[in-house]
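> Let me begin by handing over the structure; questions about it come next.
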Amino acid sequence: MNAPHAADASALHVHTEPYYRPVRDEVALFEAAWRNRVPVLLKGPTGCGKTRFMEAMAWRLKRPLVTVSCHDDLTAADLVGRFLITANETVWVDGPMTHAVRLGALLYLDEIVEARKDTTVVIHPLADDRRALFIEKKGEVVHAPPEFLLAISYNPGYQSVLKELKQSTRQRFVAIDFDYPAAEVEAAIVAHESGVGAPTAEKLVRLAHMTRNLKGSGLDEGASTRLLVHAGKLIAQGIAPRTACEGAITHALTDEREMLAALEELVSAVF
């Protein structure tokens, strides 16, 4: 797959505008970075809207979006590509990173610190003035077109405890800091995404704030906007609010019995 087909690019475009509510000036900052070919680091807690933001920016900029969810077993070959034997023939198959560079896409590496350390090294030439991807196995250098942008995400709240993003990596990026939106904005998002009414969405957000206050006091993370949407969808389908919150929020946050009991008390207080 040395040259991507037009159909590949079309499938990677975001054809319908995603619902995204800007919190600060992140849209203008991202667009300025894209125009100036500066890679972007999205920092923020789990489920606060980083992936939705990338989808919204791909739609605004009319660029394909290639997303890679990083994990411990992700290798450089998984990103760049590898030789495969098919029908007694050895062929090269581009990985998602190479594919994105050739397309001039937005490449989004989600939770970058979850990848192996040797894997992150391959992004360095793409994240500086060279804007190049070196494919050692082919002896090829793929230069990124002007439309290409590398974006990575990182959750400093809990990942920095076990894994830290190296300075040699992070100082190549413009950082955009994300957090959960203001209560009224978050309630509007939950109502829109789940289909529940405004009063229920406001209660879900109130519950989320209570759980977020427990971060570091029994919880690694409080309830994300994503979890509130999950609970809202269950409620919109006729599930009792307390049952929905226990399934979508409390049991998603912890398995520890005492903390579960405390969270269930919060649910009872709100609903």
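The values are calculated or read from the model by the stated rules, or taken from the named source; none is laboratory data. Computed from a predicted model, the values in this text were never measured in an experiment. All Cβ positions, glycine included, derive from the backbone under ideal geometry; neighbour counts span all protein chains shown.
> Looking at (1) of a type in the set (Ser, Thr, Tyr); (2) in contact (Cβ under 8 Å) with a residue 24 or more places away in the chain; (3) more than 27 Å from Thr51 (Cα to Cα), which is the only condition Ser217 fails?
(2)
> Are there any pairs with C-beta distances below 6 angstrom linking a residue in segment 166-178 that is over 14 Å from Leu150 (Cα atoms) to a residue that is surrounded by 12 or more Cβ atoms within 10 Å (Cβ to Cβ) and among the charged types (D, E, K, R), with the two at least 6 apart or on different chains, and if so which?
Asp177/Lys43; Phe178/Lys50
> Which of the residues belonging to segment 235-251 are surrounded by fewer than 19 Cβ atoms within 10 Å (Cβ to Cβ), among the hydrophobic types (A, V, I, L, M, F, W, C) and part of a helix (DSSP H, G or I)?
Ala236
> Across segment 1-20, what is the number of residues that are modelled with pLDDT under 90 and among the acidic types (Asp, Glu)?
Number satisfying all stated conditions: 1.
> If you don't mind, another one. Collect the residues in segment 110-120 that are crowded, with 24+ Cβ neighbours inside 10 Å and out of contact with any helix residue (DSSP H, G or I) (no Cβ under 7 Å at 6 or more places or on another chain), keeping them in residue-number order.
Hit for segment 110-120 is Ala115, nothing else.
One line per residue, one yes/no per condition, for (1) in contact with a His (Cβ under 6 Å, 6 or more places away or on another chain); (2) at pLDDT 95 or above; (3) in the same structural domain as Leu228 (by TED's automatic domain parsing); (4) in a helix (DSSP H, G or I):
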{"position": "Leu29", "(1), (2), (3), (4)": "no, yes, no, yes"}
{"position": "Leu42", "(1), (2), (3), (4)": "no, yes, no, no"}
{"position": "Asp73", "(1), (2), (3), (4)": "no, no, no, no"}
{"position": "Phe83", "(1), (2), (3), (4)": "no, no, no, no"}
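> Which of the residues that make up segment 93-102 are of a type outside the set (Val, Ile, Thr), farther than 21 Å from Asp73 by Cα and buried (at least 22 other Cβ atoms within 10 Å of the Cβ)?
The answer is none; no residue qualifies.
Quick grid of which residues meet (1) within 17 Å of Val40 (Cβ to Cβ); (2) surrounded by fewer than 15 Cβ atoms within 10 Å (Cβ to Cβ); (3) at pLDDT 95 or above:
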site	(1), (2), (3)
Ala76	no, no, no
Asn88	no, yes, no
Ala105	yes, no, yes
His143	no, yes, yes
Ser153	yes, no, no
Gln159	no, no, no
Asp179	yes, yes, no
Ala182	no, yes, no
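> Only one of these is touching a helix residue (DSSP H, G or I) at 6+ places or on another chain (Cβ under 8 Å), at pLDDT below 95 and of a type in the set (Lys, Arg): Arg212, Arg172, Arg206. Name it.
Arg172
Conditions (1) over 18 Å from Met97 (Cα atoms); (2) aliphatic (A, V, I, L, M); (3) surrounded by 14 or more Cβ atoms within 10 Å (Cβ to Cβ); (4) outside the structural domain of Leu253 (by TED's automatic domain parsing), marked per residue:
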{"site": "Leu133", "(1), (2), (3), (4)": "no, yes, yes, yes"}
{"site": "Glu147", "(1), (2), (3), (4)": "no, no, yes, yes"}
{"site": "Pro156", "(1), (2), (3), (4)": "yes, no, yes, yes"}
{"site": "Ser168", "(1), (2), (3), (4)": "yes, no, no, yes"}
{"site": "His192", "(1), (2), (3), (4)": "yes, no, yes, no"}
{"site": "Val196", "(1), (2), (3), (4)": "yes, yes, yes, no"}
{"site": "Pro199", "(1), (2), (3), (4)": "yes, no, no, no"}
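> Then there is this: For segment 137-215, give me every one of the helices (runs of 4 or more DSSP H) that falls completely inside it and has 3 or more residues that are within 28 Å of Leu65 (Cβ to Cβ).
Qualifying helices (runs of 4 or more DSSP H): 167-170, 183-194.
> Could you list, in sequence order, all residues of segment 50-71 that are more than 17 Å from Leu109 (Cβ to Cβ) and either of a type outside the set (Phe, Trp, Tyr) or in the same structural domain as Val205 (by TED's automatic domain parsing) (or both)?
Passing the criteria: Ala56, Arg60, Leu61, Lys62.
> So, one more: All but one of (1) within 19 Å of Ile176 (Cβ to Cβ); (2) in a strand (DSSP E or B) hold for Leu126; state the number of the condition that does not hold.
Looking at each condition in turn, Leu126 falls short on (2).
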